[in-house]
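Here the structure comes first, spelled out in structure tokens, and everything after it is commentary.
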Amino acid sequence: MKLLQRCDHALQAAHYANALRAAGIDCEVRNTTLAGAIGEIPWLECAPQVWLRHALDEAIARELIAQLQRPVTGPEWICGQCAEPSEAQFGSCWRCGANRPER
């Protein structure tokens with residue numbers, strides 16, 4: 001096991017882990033319930049962490065995390081079913097749930 005990333009909160013760690021798993025990278029999230037111990041235990045020991053099972057996946061995993069941390073840019077798009085505008089980072093319409101049209 002190899003520590004890949006310390007996260008600000010458990011939701012961020014879960015998001016990173018889900019993206020890594022979707023890319024076929026075996027990982028696990030640790031320290032998701034230690035936030036209440038901050039102050040009694042140092043922050044670095046309490047922070048949620050994403051660990052890789054295989055150190056050979058580290059380079060690809062770090063690149064995926066870097067991609068997730070970059071802001072999404074681009075024009076807003078219009079839903080083809082309900083005509084609701086959505087910002088570039090959304091892959092489906094918040095109003096009706098339709099998938100974003102391919103570019």
Listed by first then second residue, the pairs whose first member lies in segment 78-94 and is within 17 Å of L68 (Cβ to Cβ), whose partner is of a type in the set (G, A, S), with beta carbons under 6 Å and at least 6 positions apart or on separate chains, are A88/G74
Taking segment 54-78 and keeping residues at pLDDT 95 or above and assigned to a loop (DSSP other than H, G, I, E, B) leaves H54
| request: Return yes or no: is E45 more than 20 Å from the chain's Cα centre (by Cα), open to solvent by 40 Å² or more (accessible area, probe 1.4 Å), of a type outside the set (F, W, Y) and closer than 18 Å to Q5 by Cα? | output: yes
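Filtering segment 1-21 down to residues that are closer than 20 Å to A55 by Cβ, small (G, A, S) and out of contact with any helix residue (DSSP H, G or I) (no Cβ under 8 Å at 6 or more places or on another chain), which residue is surrounded by the most Cβ atoms within 10 Å (Cβ to Cβ)? I'd like the intermediate steps shown before the answer.
Step one: of segment 1-21, the residues closer than 20 Å to A55 by Cβ are 1-7, 13, 16-17, 19-21.
After this cut, where a residue has to be small (G, A, S) as well, the list is 13, 17, 19.
Add one more test, that the residue is out of contact with any helix residue (DSSP H, G or I) (no Cβ under 8 Å at 6 or more places or on another chain), and what stays is 13, 17.
Numbers: A13: 24, A17: 20.
Among those that are closer than 20 Å to A55 by Cβ, small (G, A, S) and out of contact with any helix residue (DSSP H, G or I) (no Cβ under 8 Å at 6 or more places or on another chain), it is A13.
Which of the residues that make up segment 52-63 are touching a residue at least 24 places away in the same chain (Cβ under 8 Å) and surrounded by fewer than 17 Cβ atoms within 10 Å (Cβ to Cβ)?
As a first pass, look at segment 52-63 and keep what is touching a residue at least 24 places away in the same chain (Cβ under 8 Å): 52-55, 57-58, 60-62.
Across segment 52-63, the qualifying residues are R53, H54, A55, E58, I60, R62.
The values are calculated or read from the model by the stated rules, or taken from the named source; none is laboratory data. Bear in mind the structure is a predicted one, so any value in this text is a computation, not a measurement. Cβ atoms come from the backbone with ideal geometry, glycine included; neighbour counts cover every protein chain shown. Ligands, DNA and RNA are excluded from the accessible area calculation, which covers all protein heavy atoms including side chains. Shrake-Rupley method; radii C 1.70, N 1.55, O 1.52, S 1.80 Å.
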